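Some notes on the structure that comes next.
What follows is calculated from the coordinates using simple rules that are stated; it is not laboratory data. Since the structure is predicted, the reported quantities are computational estimates derived from the model, not experimental observations. Quick reminder, even Gly has a Cβ in these numbers, built from the backbone with ideal geometry, and neighbours come from all protein chains shown.
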Amino acid sequence: MTETIIFMGTPDFSVPILEKLHEEYNVAMVVSQPDKPVGRKRVMTPPPVAQAAEALGIPLFQPERVRDEAAIAEIEDVGPDLIITAAYGQILPKALLEVPRLGAINVHASLLPRHRGGAPIHRAIMEGDGETGVTLMYMAEGLDSGDVISSTSTEIRDTDDTGSLHDRLSQMGAGLLMETLPDILEGRNGRVPQDGSAATVSPNISKSDERLDWSQDARSVFNHIRGLSPWPGAYTEIDGKRLKVYGANPPEGTSQDAPGTIVEATPDGMKVACGDGGLLEVTEVQLAGKKRTRASEFAAGRQGIAGTVLGQVE
């Protein structure tokens, strides 16, 4: 018997998972978010998973609201044995979770119950976690609260940012799914309820999350910068203009200067004082309206930058 699977996903994270799944199983339909305007010209563009589905020749469905009766009926007509989701972006209603014979499972980019929600990769770095991973779980009505089927972990290194960790977890998610799926389809897998008392929530990144607070300790600022790099990017202000900060070296050294003060320009960038007296060397920046550049080049183009205080709004 060949089981019928529906895959639901939207961003780049989901693409390797779909591609691996398609290699070995019958993916009868891909459900993704609707096309959205992208770039300055606001060109309507399909999300990465929708583009992948078209390239693979898999029927594509992009409902505005997956909880609408018409959308549920469209999915039900396919007769799925199993629904697999990975960063789809909408909460599945109970009526849809009950459609597939084998239930619905989700590939989630954290070690649940930690980092439930929409930004688990960003916030694992921003909150200074030493490790994270991927969890395969049954879907339930609550936010990422279903029983855990399997998981795998990875160390978060100082050299990681959200971009590198995203790519690693995406590949790990594809591997974990392919390892576990035979047992799920045969009904041999285990399921372990999550400890709700240990749950944390990691909501999507807001505009207010992007602003750096130099009064924090140097390690926290370092984690904040790499947790938002390469997207959406952390920012501060210099001379009243917004300055995106995309890179920094691990904290080293101390300073008596006020938090946010550029203590000195260096061959790698700019050393900035933080709230605990620690120094953080910023390495990559982008001034509003300008191109992204090395912080050393940015500093070289501004005479007397030492002593400038970042984060001040004029």
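For G260, the amide hydrogen comes within under 5 Å of the amide hydrogens of A273, C274, counting only partners 5 or more places away or on other chains and with H modelled in the peptide plane. Taking amide H as placed 1.01 Å from N in the peptide plane, the amide H of E284 sits under 5 Å from that of Y246, G247, A295, each at least 5 places away or on another chain. For P(r) over Cα pairs in 10 Å bins from 0, in percent, the listed values are [x] 6, 27, 37, 25, 5, 0; [y] 6, 24, 33, 25, 10, 2, 0, 0; [z] 6, 25, 28, 20, 14, 7, 1, 0; which was obtained by calculation from the structure presented? Derived directly from the coordinates: [z]. From the alpha carbon centroid of region 178-243 to that of region 1-71 is 24 Å.
Here the average projected area of the convex hull drawn through the C-alpha atoms of region 1-43 stands at 3.6 nm². For region 278-314, trypsin sites (Lys or Arg not before Pro) meeting the loop criterion (DSSP other than H, G, I, E, B) and having at most 10 other Cβ atoms within 10 Å: K291.
Of the residues P100, T154, S164, the one whose Cα sits farthest towards the positive end of the charge dipole of the chain is S164 (charges of +1 on Lys and Arg Cβ, -1 on Asp and Glu Cβ, taken about the Cα centre). Partners of K36 within straight-line reach, counting aspartates and glutamates whose Cα lies under 14 Å from its Cα and excluding those fewer than 8 residues away in the same chain: E64.
Assuming charge only on the beta carbon of Lys and Arg (+1) and of Asp and Glu (-1), the dipole of the chain about its Cα centre is about 1040 debye to the nearest 20. The angle between the Cα long axis of helix 69-78 and the main principal axis of the chain comes to about 60°, on a 0 to 90 degree scale.
A straight chain from N189 to T45 at 0.36 nm per residue would run longer than the Cα-Cα distance by 48.0 nm. Between K290 and M178, the simple label model (points 7 Å from Cα in the Cβ direction) yields a spacing of 4.5 nm. Over region 260-314, the reciprocal of the mean inverse Cα-Cα separation, the Kirkwood hydrodynamic radius, stands at 11.4 Å.
Backbone amide hydrogens, once placed in the peptide plane, bring T45 within less than 5 Å of K36, V38, excluding anything fewer than 5 places away on its chain. Under 18 Å Cα-Cα from K244, which lysines qualify once same-chain neighbours fewer than 8 residues away are excluded? Cross-link targets: K207, K271, K290, K291.
Restricting the GluC sites (Glu not before Pro) of region 128-208 to loop positions (DSSP other than H, G, I, E, B) with no more than 13 neighbouring Cβ atoms within 10 Å leaves E141. In the chain, the longest principal axis of the Cα atoms and the axis of helix 162-186 are about 20 degrees apart. Around the Cα centre of region 207-300, unit charges on the Cβ atoms of Lys, Arg, Asp and Glu (plus for the first two, minus for the last two) sum to a dipole of about 500 debye.
Annotation: aspartates and glutamates with alpha-carbon distance below 20 angstrom to K20 (same-chain offsets under eight excluded): E3, D12, E54, D81, D167, E179, D183, E186. With a cut-off of 20 Å on the backbone N, the residues of region 109-153 near the modelled label site 7 Å out from E98 along Cα-Cβ are 138-147.
Sequence-ordered 3J(HN,Hα) estimates for region 223-229 from the Karplus curve with 6.51, -1.76 and 1.60 and θ = phi - 60° stand at 5, 5, 4, 6, x, 10, 10 Hz, glycine and proline given as x. Peptide packing: for 53-64, 5-16, the average count of neighbouring Cβ atoms within 10 Å per residue gives the ranking 5-16, 53-64, highest mean first. The sum of -39500 (n - 2.57) across all DSSP H runs of n ≥ 4, divided by the residue count of the chain, sets its helix-only mean residue ellipticity at 222 nm to -7500 deg cm²/dmol.
Between D77 and R211, the simple spin-label model (points 7 angstrom out along Cα→Cβ) gives 4.9 nm.
Legend: P(r) of region 1-94 from all alpha carbon pair distances, 10 Å bins from 0, whole percents, reading 16, 51, 27, 5, 0.
So, R0 is 22 Å and r is the distance between the beta-carbons of S197 and D158; what FRET efficiency does that work out to, to 0.05? Step by step, r from the Cβ atoms, then E = 0.10. Summary value for region 4-198: 20 percent relative contact order, contacts being C-alpha pairs under 8 angstrom separated by 6+ residues.
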